[in-house]
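The values are calculated or read from the model by the stated rules, or taken from the named source; none is laboratory data. Fair warning: this is a prediction, and the values are worked out from it, not measured in the lab. Glycine also receives a Cβ, built like all others from the backbone with ideal geometry; neighbour counts cover every protein chain displayed.
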Amino acid sequence: MPRTAEDQVVRSEEPVYRTSWARSLPVRAAREVVQVAALTPLLRRQVDLDVHGTEQLRELDGPVLLVANHSSHLDTAALLGSLPAGRRQRTAVAAVADYFFDAWWRAGASAVVFNTLPIEKFDGTLARTPAELLAAGWSIIVYPEGTRSSDGFLGSFRTGAARLAVEQRVPVVPVGLRGTYSAMPRGRRWPRPGRPRVSVRYGAPLVPGADETAEQLTDRIETAVRQLIAEDATSWWAVQRAPGVPVEEPIASWRRIWQQSDEPVAGGQPPRSRIWRG
């Protein structure tokens, strides 16, 4: 049986798991049924999904990198469940090879349901498959922190997503996720009861500059994601007035976990005025 060009590329990157079969027509049809009939309805029954900014995606015709913070296994389901159908059907999810692709059963299941692919090889260098998919018109979800946050707060971004954007000349759409850590932090296998609120906020596309380096673009992406999270915690106007001031983060580890464990209130609204009486 002849091998696809994608498989030939991945073969030189062994032992990365081959994923081209997950984008064949039969598997894409099966994934559509799983996502539309099972995954998204189940997600919306378990959490109160609050989505903002999808108009940013509708104004883009070609492939994009969807770059988001990462604090829960709910993140990918929330992102896919909030994307417009046409975009979702042509979106793959970049994952770290040493976790999702270290066992055939985990690699196969995640590839079928989420269309995952390795963004890095096992030696830590950038894989070529994401670039091939972007060139073929697929969008890719990337979590540049590299792993889930241990306390729900945003960590430092790696440069892999920005390098892809610079090399392939594709726009980056920053995404701020808030509430997934509270709903299902590390250690939980199912969202906590009560339909906790989960917010997904899409920001304005970031286009790599002609002479912009991956490091410079990474800084812009991280700032944009931080601002989207801050926007949900306060309001759009508050972030515009003080764009460089993030939401205050506690120093103590237990305080950070305790704060992020609270269900986030509805974002994007101006704070209520207070009348102080003597």
Selection status of residue 238, at pLDDT below 95, over 16 Å from the mean Cα position of the chain (by Cα), in a helix (DSSP H, G or I) and of a type outside the set (Lys, Arg): yes
Residue within segment 120-129 that is in a helix (DSSP H, G or I), touching a residue at least 24 places away in the same chain (Cβ under 8 Å) and under 22 Å from residue 210 (Cβ atoms) present: no
Selection within segment 171-194 - out of contact with any strand residue (DSSP E or B) (no Cβ under 6 Å at 6 or more places or on another chain) and among the aliphatic types (A, V, I, L, M): 184
Total residues in segment 67-83, condition of a type outside the set (Ser, Thr, Tyr), assigned to a helix (DSSP H, G or I) and under 23 Å from residue 223 (Cβ atoms): 3
Test: residue 119 is modelled with pLDDT of 95 or more, out of contact with any Lys or Arg (no Cβ under 8 Å at 6 or more places or on another chain) and closer than 16 Å to residue 91 by Cβ: no
Answer from 207, 200 - the residue that is of a type in the set (Val, Ile, Thr), crowded, with 18+ Cβ neighbours inside 10 Å and touching a residue at least 12 places away in the same chain (Cβ under 8 Å): 200
Considering residues of segment 49-66 that are out of contact with any Asp or Glu (no Cβ under 9 Å at 6 or more places or on another chain) and not in a loop (DSSP other than H, G, I, E, B) only, the residue surrounded by the most Cβ atoms within 10 Å (Cβ to Cβ): 65
Segment 142-178, subset among the β-branched types (Val, Ile, Thr) and over 16 Å from residue 208 (Cβ atoms), residue modelled with the highest pLDDT: 175
